[in-house]
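Student: Mind looking over this structure? Questions follow.
What follows draws every value from the coordinates through simple rules; no lab data is involved. These figures come from a predicted structure and were not determined experimentally. Cβ: placed from backbone, ideal geometry, glycine included. Neighbour counts: every protein chain shown.
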């Protein structure tokens, strides 16, 4: 992870013009492969902060007049990007409504199967000598 600082722009007067308060955070994904799972790396390459030319995540912050506050903002935003990438790759739990719907589907399928077996049994029974009566 690399942190660099540059001059900010916009309001701030002499402080903005003389002090490097803008924070630039670069997270190379090649280095992150050792501590991030593969599905997160794949999700991060789809993120809007991904720079394909350097294969890294780039975050900039110049919201505050203080360099330390901008560094903190960069790390907060990096955390949000990583959490978002992790959530996109992990399936959630099945909701109660979905569970109930699947239970109903299974019971309907079981009832249908039972009716089919009973009809088939009745057909076979009617073909046997016991089911036709006296001939």
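Student: Could you check, for the stretch 64-76, whether at least one of its residues is exposed (fewer than 15 other Cβ atoms within 10 Å of the Cβ), part of a helix (DSSP H, G or I) and touching a helix residue (DSSP H, G or I) at 6+ places or on another chain (Cβ under 7 Å)?
Tutor: no
Student: Right, something else. Which count do you get for residues in the stretch 46-61 that are over 17 Å from residue 2 (Cβ atoms) and either exposed (fewer than 13 other Cβ atoms within 10 Å of the Cβ) or touching a residue at least 60 places away in the same chain (Cβ under 8 Å) (or both)? Don't jump to the end; show me each part of the working.
Tutor: Initially, the stretch 46-61 is screened for residues over 17 Å from residue 2 (Cβ atoms), giving 46-48, 52.
Imposing the further condition that a residue be either exposed (fewer than 13 other Cβ atoms within 10 Å of the Cβ) or touching a residue at least 60 places away in the same chain (Cβ under 8 Å) (or both) reduces the set to 46, 48, 52.
Counting residues in the stretch 46-61 that are over 17 Å from residue 2 (Cβ atoms) and either exposed (fewer than 13 other Cβ atoms within 10 Å of the Cβ) or touching a residue at least 60 places away in the same chain (Cβ under 8 Å) (or both) gives 3.
Student: Would you check which residues across the stretch 1-35 are part of a loop (DSSP other than H, G, I, E, B) and touching a helix residue (DSSP H, G or I) at 6+ places or on another chain (Cβ under 8 Å) and list them?
Tutor: Here is the first cut: in the stretch 1-35, the residues part of a loop (DSSP other than H, G, I, E, B) are 1, 7-13, 19-21, 33-35.
Those that are part of a loop (DSSP other than H, G, I, E, B) and touching a helix residue (DSSP H, G or I) at 6+ places or on another chain (Cβ under 8 Å): 1, 7, 8, 9, 10, 19, 20, 21, 33.
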